Amino acid sequence: MVQVAILGFGTVGSGVAEVLTQNADAIARKAGGDVRVKYILDTRDFPDSPFSDLVVHDFSVIESDPEVQVVAECIGGATVAYDFVRRSLLAGKHVVTSNKEMVAAHGYELLSIAREKNVNFLFEASVGGGIPILRPLAVCFSANEISEIYGILNGTTNYILTKMINEGADFDEVLREAQAKGYAEANPAADVEGPDACRKICILSALSFGRHVYPESVHTEGITGITTQDIAFAEKANMKVKLLGRAVKTDDGKVVCYVSPHFVPASAQIARVDDVFNGIVVRGNAVGETMFYGRGAGKLPTASAVVADIIDAINHAGQRKNIFWEDADPAMQGDYQALEQCWFVRTDAKEAEIAASLPGAKLLGEVDGQVGVLTGPMSLNALLESGLHMMGRIPVL
């Protein structure tokens, strides 16, 4: 029998306990024996929970118990959770987590400790909730040179943009509705300003290209500046506005990693990912283009991925999973502003001025007195140097 400790008994932690209990027989078959929760760490008591007798308040109880083989970290954040995970690994325990903030900030260090201690540090649930993406990247795509990975990585922003597109509502109105439905937090900054998607594309980039990417080095824009005019111009161009995290390998071998709203052709698969769903596209030189789709968050989808990692850690107790990357190398990180791509520009300039500043650009007409423009491939540096007065700019996928 394998004993597990769960750190944090919030939405994800309680979901992990629920899945381990409800699916105990199926999990035992796949793990080669019973998997039981021995401890649940939280600052609170849960007298009405069926797991109330498992709650402890002192992490050292878990840390010092040799019977605990796997620790499931479900606290979140990169302070207390990071300390507990680091100590668990140093104590020779496998760790699984759904914590994208911690993995994005400390993944290289924690993977290094896990390798030194010959234990597993697994984090499938940190990106895409219940969507299987990290394990395929590490294993199924190992025969490929990946050239690009991008996706809709945040369900809250995708829900807001979907409502703006379908109903013509403005950002503030849809955000209030998303908060009322529980899709957005009271303080939605991590979602709507892009940090959540940033952390996830850092992890995806690290697995795809083999080097840690620290969030503070990633150009990050959210959707707070998206207007109803942008939505209307996208429709004129037969496109949709989607917030994407993107990591692309350029011809010089560097990787450009960034988060930004994009104009996406309506015919693209990713354009059909709506509401709270996520979609992730991987391009490999052998496999071509593939897309992973599903719910990117939620209690049971995320818990499903955490428990799958628990089973995987148990099945590889004597042999580490081949999940690792090197530390960041600034020399291998490309410049977002130098990346060539097409752009949508919203401007109040006259047609002659647009033609002079952006030769060959396609005009999309006017919306509310502003002109929409689609450029050919050019860097942001070149766009800024064009001298055109821009009310807004959005890269085109």
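Numbers below:
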quantity	calculated
DSSP bridge pairs, the chain: antiparallel proportion in percent, nearest 5	65 percent
Cβ-based net charge around Lys249, under 15 Å, with every Lys or Arg adding one and every Asp or Glu removing one	-4
Shape call, the chain: gyration tensor on alpha carbons, a/c limit 1.5	prolate
Surface share of carbon and sulfur [accessible, 1.4 angstrom probe, percent] for region 249-397	49 percent
Amide N of region 140-165 lying under 16 Å from the label point, which is placed 7 angstrom from the Cα of Asn285 along Cα→Cβ	141-149
Per-pair calculated FRET efficiency, R0 = 25 Å: Asp335 and Leu363 via Cβ, rounded to 0.05	0.30
Selected from Ile165, Gln3, Tyr108, residue furthest toward positive end of dipole (the chain; charges at beta carbon)	Gln3
Cα gyration tensor shape of region 92-192, rounded if a/c is under 1.5, else prolate or oblate by comparing a/b with b/c	prolate
Within region 241-316: Cβ-based charge dipole about Cα centre, in debye rounded to nearest 20 (Lys, Arg +1; Asp, Glu -1)	160 debye
Cα-centre dipole for region 246-397 with unit charges at Cβ (Lys and Arg positive, Asp and Glu negative), debye to 20	480 debye
Net +/- balance of residues flanking Thr21 in space, Cβ distance below 15 Å, scoring K and R +1, D and E -1	-1
Anisotropy class of region 118-166 from Cα gyration tensor, a/c 1.5 cut	oblate
Positive-end residue of Leu339, Ala308, Phe277, charge dipole of region 269-348 with Cβ unit charges	Ala308
Within the accessible area of region 128-227 (1.4 Å probe), percent carbon and sulfur	45 percent
Selection from Ala72, Gly372, Thr227, by position along the positive dipole direction of the chain (Cβ)	Ala72
Cβ crowding within 10 Å averaged over residues, with 197-203, 126-132, 170-176, 21-27 ranked highest first	197-203, 126-132, 170-176, 21-27
23 Å Cα-Cα threshold exceeded, pairs from Lys100/Lys240; Lys30/Lys321; Lys200/Lys236	Lys100/Lys240; Lys200/Lys236
Accessible surface, per residue, of the chain when the full set of protein chains is kept, probe 1.4 Å, Å²	42 Å²
Counted charge near Asp45, where neighbours are those whose Cβ lies closer than 14 Å (Asp, Glu -1; Lys, Arg +1)	-3
Relative packing of 118-125, 249-256, which averages over residues the other C-beta atoms within 10 Å, highest first	118-125, 249-256
Volume in Å³ per residue [convex hull over Cα atoms, computed for region 214-365]	186 Å³
Ellipsoid semi-axes in whole angstrom, largest first, where each is sqrt(5λ) of the Cα gyration tensor of region 14-165	28, 21, 17
Region 146-260 - charge dipole about Cα centre, Lys and Arg +1 at Cβ, Asp and Glu -1, debye rounded to 20	420 debye
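The values are calculated or read from the model by the stated rules, or taken from the named source; none is laboratory data. Since we're looking at a predicted model, the values are computed, not measured. Every residue, glycine as well, gets a Cβ built from its backbone with ideal geometry; the counts of neighbours run over all protein chains shown. Keep in mind that these areas ignore ligands, DNA and RNA; they rest on the heavy atoms of the full protein, side chains included. Shrake-Rupley method; radii C 1.70, N 1.55, O 1.52, S 1.80 Å.
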